[in-house]
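The values are calculated or read from the model by the stated rules, or taken from the named source; none is laboratory data. All values derive from a computational prediction rather than experimental measurement. Glycine also receives a Cβ, built like all others from the backbone with ideal geometry; neighbour counts cover every protein chain displayed. The protein model used for the area step is the full one, side chains on, heavy atoms only, and it has no ligands, DNA or RNA in it. Shrake-Rupley method; radii C 1.70, N 1.55, O 1.52, S 1.80 Å.
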Amino acid sequence: MTLNDEQSLDALNKAYQQGYMNGLAGIEELRNPHTDDILAAAWESGHEDGYEKRKELKTRDTSSSLTKAG
């Protein structure tokens, strides 16, 4: 199947967003559903970004809990 540029960009964005949401939810990276190398790479990139955001939010929540308790 040949995709046009807009469809390809949409597919990449969708793969990235899916990976991001999985990373944010703490789902393991091994669950990448893509077999296409480019879509898999977009998903992995999103997963890494989502996982980093998850760590950032956890750190912020812990810090604000400590501030409120003190």
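For this structure, a couple of remarks:
- Neighbours by Cβ (under 8 Å, 6+ apart or cross-chain): first from region 1-23, open to solvent by 90 Å² or more (accessible area, probe 1.4 Å); second in a helix (DSSP H, G or I) and modelled with pLDDT of 95 or more: 17/46; 21/46; 21/50
- Total residues in region 24-56, condition under 10 Å from the mean Cα position of the chain (by Cα) and surrounded by fewer than 16 Cβ atoms within 10 Å (Cβ to Cβ): 9
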